Amino acid sequence: MEIIINLTGLVLIAFIVWWFWIFKNRSEARVEGSVLDIVVDSGIYEPSVIHAKAGESVTLRFIRKDSNPCAEKVLFSGLDISADLVVGTPYDLTFTPEKKGEYEFTCQMAMYRGKLIVE
Ligand SMILES: [Cu+2]
């Protein structure tokens, strides 16, 4: 009986590791017009890879569905931008990326991960 419980625990840990650190959700999107919706749910940003143009204003509309406290902040470390997200209240983050490059955005513990690619 104990072995079964231990195995269940191991499988669960393996799943959590895979889900948050190994599995890469590959959905990509381009900011067309000016507003792009990003859904925050179940450990992923959807889409998680975002293309934008340098020097053009973008609005990323974060729609948080995950009530896990882990999801309440989004940080763009390379751009010095952060926002607090509230479940059920879309948050519009408007800024102009000036420099080309790749900028990661994450939750506070970097379990949620996404990338902004400025071209
Ligand atoms: Cu987190």
In this structure, is VAL87 away from the ligand (no atom under 16 Å from the Cβ) and not polar (S, T, N, Q)? no
Unmet requirement for ILE3, which otherwise passes all of (1) under 16 Å from the mean Cα position of the chain (by Cα); (2) without any contact (Cβ under 8 Å) to a residue 40 or more places away in the chain: (1)
Among the residues of the range 99-108 satisfying the criterion of being in a loop (DSSP other than H, G, I, E, B) and surrounded by 11 or more Cβ atoms within 10 Å (Cβ to Cβ), which is farthest from the ligand (Cβ to nearest atom)? LYS100
Would you be able to say whether some residue in the range 66-87 is closer than 18 Å to ALA29 by Cβ and within 12 Å of the chain's Cα centre (by Cα)? yes
Index of the failed condition, ILE16 passing every other in (1) in contact with a Phe, Trp or Tyr (Cβ under 9 Å, 6 or more places away or on another chain); (2) surrounded by fewer than 16 Cβ atoms within 10 Å (Cβ to Cβ): (1)
Checking TYR91 against (1) under 15 Å from LYS115 (Cα atoms); (2) surrounded by 15 or more Cβ atoms within 10 Å (Cβ to Cβ); (3) in contact with a Lys or Arg (Cβ under 9 Å, 6 or more places away or on another chain), the condition it does not meet: (1)
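Among the residues in the range 48-65, are any in contact with a Gly (Cβ under 6 Å, 6 or more places away or on another chain), of a type in the set (Ser, Thr, Tyr), closer than 28 Å to ILE16 by Cα and at pLDDT 95 or above?
no
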Would you confirm, using the coordinates I've provided, whether GLU32 is on the phi < 0 side of the Ramachandran plot, without any contact (Cβ under 8 Å) to a residue 24 or more places away in the chain and of a type in the set (D, E, K, R)? yes
Okay, strands (runs of 3 or more DSSP E) sitting entirely in the range 35-82 with 1 or more residues that are within 13 Å of the ligand (Cβ to nearest atom) and crowded, with 18+ Cβ neighbours inside 10 Å, I get 35-41, 44-46, 58-64, 73-76
Within the set of pairs 6+ apart or on separate chains, which have a first residue in the range 77-100 that is within 17 Å of LYS53 (Cα to Cα), a second that is of a type in the set (Asp, Glu) and assigned to a strand (DSSP E or B), and C-beta atoms under 8 Å apart? GLY78/GLU104
Could you say whether any residue in the range 26-43 is under 22 Å from MET109 (Cβ atoms), at pLDDT below 95 and touching a strand residue (DSSP E or B) at 6+ places or on another chain (Cβ under 6 Å)? yes
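The values are calculated or read from the model by the stated rules, or taken from the named source; none is laboratory data. Quantities reported herein were computed from a predicted structural model and do not represent experimental measurements. For neighbour counting, all protein chains shown are included, and Cβ atoms are generated from backbone atoms with ideal geometry for every residue, glycine included.
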